[in-house]
1. Need a quick list: strands (runs of 3 or more DSSP E) entirely within the range 506-564 having at least 1 residues that are out of contact with any helix residue (DSSP H, G or I) (no Cβ under 6 Å at 6 or more places or on another chain), of a type in the set (A, V, I, L, M, F, W, C) and modelled with pLDDT of 80 or more.
2. State the number of residues belonging to the range 166-198 that are hydrophobic (A, V, I, L, M, F, W, C) and under 16 Å from residue 299 (Cα atoms).
3. Is it the case that residue 227 is assigned by TED's automatic domain parsing to the domain that holds residue 284, surrounded by 17 or more Cβ atoms within 10 Å (Cβ to Cβ) and touching a helix residue (DSSP H, G or I) at 6+ places or on another chain (Cβ under 9 Å)?
4. Exactly one condition in (1) of a type in the set (Lys, Arg); (2) within 27 Å of the chain's Cα centre (by Cα); (3) over 20 Å from residue 140 (Cβ atoms) is not met by residue 104; state its number.
5. Could you tell me whether residue 255 is surrounded by fewer than 14 Cβ atoms within 10 Å (Cβ to Cβ), assigned by TED's automatic domain parsing to the domain that holds residue 193 and among the basic types (Lys, Arg)?
6. Among the residues of the range 371-423, which ones are part of a helix (DSSP H, G or I), crowded, with 17+ Cβ neighbours inside 10 Å and not small (Gly, Ala, Ser)?
7. Of the numbered conditions (1) touching a helix residue (DSSP H, G or I) at 6+ places or on another chain (Cβ under 8 Å); (2) within 23 Å of residue 387 (Cα to Cα), residue 409 fails exactly one; give the number of that condition.
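The values are calculated or read from the model by the stated rules, or taken from the named source; none is laboratory data. All values reported here derive from a predicted model rather than from experimental measurement. Every residue, glycine among them, receives a Cβ derived from its backbone with ideal geometry; neighbour counts consider all protein chains shown.
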Amino acid sequence: MNQVKQTLRRSGISIMAHLISLLGSFAAVLILAVINGSIGYLCAMSVTLFGALGVAKALGEPIWLSYEWIIALAVGCGILRGLLRYIEQYSNHYIAFHLLAILRDKIFGVLRKLCPAKLESKQKGSIIAMLTSDIETLEVFYAHTLSPICIAILVSFSVCLFTWLAASPWLALVALIGYLVIGIVVPMISSAALKEPGVTYRKEFASFNAYYLDSIKGIKDILFHNAGEKREQEVNRRSECLLEETRKMKEETGKASAITELAVSVFVMLTLIAGIVLVYTGNLTSGKMIIGVVAIFGSFGPVVAISALPGNLTQTFASGDRVLNLLEEVPAVEEITDGKNITYENLEVRKLSFAYQKNEPVLKDVCMQAQKGEIVGIIGESGCGKSTLLKLLLRFWSKDSGEILFNGTDIEKINSDNLLDNVTMVSQVTYLFDDTIEENLRIAKPDATQVEMEQACRLASVHDFVMSLPNGYQTRVGAMGDALSSGEKQRLGLARAFLGGRQLILLDEPTSNVDSINEGIILKALAQQKSKKSIILVSHRESTMAIADRIYKVENGYMTEATK
């Protein structure tokens, strides 16, 4: 239970309050759904209730309605029930689907602020699970939870009032106790039993999603290293864990459903017994007893719906908590909008220090500089902090101490958008969307002309290759760029950087995944561009440093200038 408390940062009531607060202008649509749902359910009850009136009239009760009117009203209520039910469901789903679209938009907006640091430290599979399954789970809350609760309250109150006036206060009291037990006590018991399995299930589900996504993305490497059997065993193990948590959920849900049905049966019997006792003692006529008992018998549906909610609510609370956590997450760096705008000329780093975790520094007192018109090389073993330095130059994270100066202005005083207008990075692995080459290039400059794209590709020595493809720049690259080799993708990434027109290009191991021929092509393209830009080239290969004008070596977090 302690693990659950640590996993769920908020109480169920707090999560519901936060989710309800997101309704905004849709609250009016919710009220419409509740009104139609309540009247609709009362119409459904009225069908049998008019039958009870007919029986009571036959037993001698002074019912002013004729039998024809009773039959007509019963039929009319049945037809009206269908129409009102449709309006209720339409309203609920209208709210749900519009709010889910808004939530997805909000999550994307938050991720935009949190990234790229967010994706550096979190599994993408977990985020994908949030954007898909967690958001879909919230649809149940908005479409099938909020209005049923309100409908149950209104219908229960209406039936108690009707029974009090038309039959007996004692029958109304029995009904009230039944509603409280079935609609509040039983759900509280069920919710307590389902809380831990529900949270654990969502956690296992997100973990399985993340692992399975990694397995799909890395299927080639798994096959190349003959690790398929081991990976399959782990997928099966995680699947079994997920199935076990599902079984626990279903088992607890089944118990809750059985308790609810038992409670309904008990209160139906108590109502009937109370009615018989009241008739036997002369406190109620047979006709009024039938009217009151029938009204109560048909009124448990809404509270039964509430009693069935805990199974869904545990999922909703776990999903809602995860989504709300993300929406409230503070970015590693805050976007700067009230700073300065620059046009890049030079970079200077003074005594820069940084650590991901306290007392575990990655970079210590780093000093370096770069001028427009030169290539600066940074060399060092893998894991020494080279890539971290480049990410600090793009302000993925805030530096712990020291200065990063562009044109003499500290990076913390430069507007975030302006920084990205001046600086770009080509990472070790260039990601290509499952779209055409043209659209992948337009990521860097959406309004680029065909001439500009071709010129950028020529600078990156990839134009001839593109033109050799069946559809040229309209060729689709395939999911995750699988239709292209590592060298081709890397050169397209370089073309993106050239097309964007940034004056400082950061290259993180641009030749690490290519052969010597492609490495030579890429380095030649860089050498041809150095007169117009600053290029910082990070690599662990000494051969890559041949084109550098100045070389820095990183070792144990410290940087020193090396001789060529």
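1. Numbers: elements: 534-539, 550-555, 558-562.
The qualifying strands (runs of 3 or more DSSP E) are 534-539, 558-562.
2. Let us first name the residues in the range 166-198 that are hydrophobic (A, V, I, L, M, F, W, C), namely 166-167, 170-177, 180-182, 184-186, 188-189, 192-194.
Those still in the list that are under 16 Å from residue 299 (Cα atoms) too: 166-167, 171-177, 180-182, 184.
Selection size over the range 166-198: 13.
3. Values: assigned by TED's automatic domain parsing to the domain that holds residue 284: yes; surrounded by 17 or more Cβ atoms within 10 Å (Cβ to Cβ): no; touching a helix residue (DSSP H, G or I) at 6+ places or on another chain (Cβ under 9 Å): yes.
No; evaluated as a whole, the condition is false for this residue.
4. (3)
5. Details: surrounded by fewer than 14 Cβ atoms within 10 Å (Cβ to Cβ): no; assigned by TED's automatic domain parsing to the domain that holds residue 193: yes; among the basic types (Lys, Arg): yes.
Spelling it out, it is not the case that residue 255 is surrounded by fewer than 14 Cβ atoms within 10 Å (Cβ to Cβ), assigned by TED's automatic domain parsing to the domain that holds residue 193 and among the basic types (Lys, Arg).
6. Of everything in the range 371-423, those that are part of a helix (DSSP H, G or I), crowded, with 17+ Cβ neighbours inside 10 Å and not small (Gly, Ala, Ser) turn out to be 386, 388, 389, 390, 391, 392, 393, 411, 418, 419, 421, 422.
7. So residue 409 meets the others, but not (1).
Yes or no, residue by residue, for (1) more than 29 Å from residue 147 (Cβ to Cβ); (2) touching a residue at least 24 places away in the same chain (Cβ under 8 Å); (3) not in a helix (DSSP H, G or I):
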site: 212; (1), (2), (3): yes, yes, no
site: 223; (1), (2), (3): yes, no, no
site: 288; (1), (2), (3): yes, yes, no
site: 299; (1), (2), (3): no, yes, yes
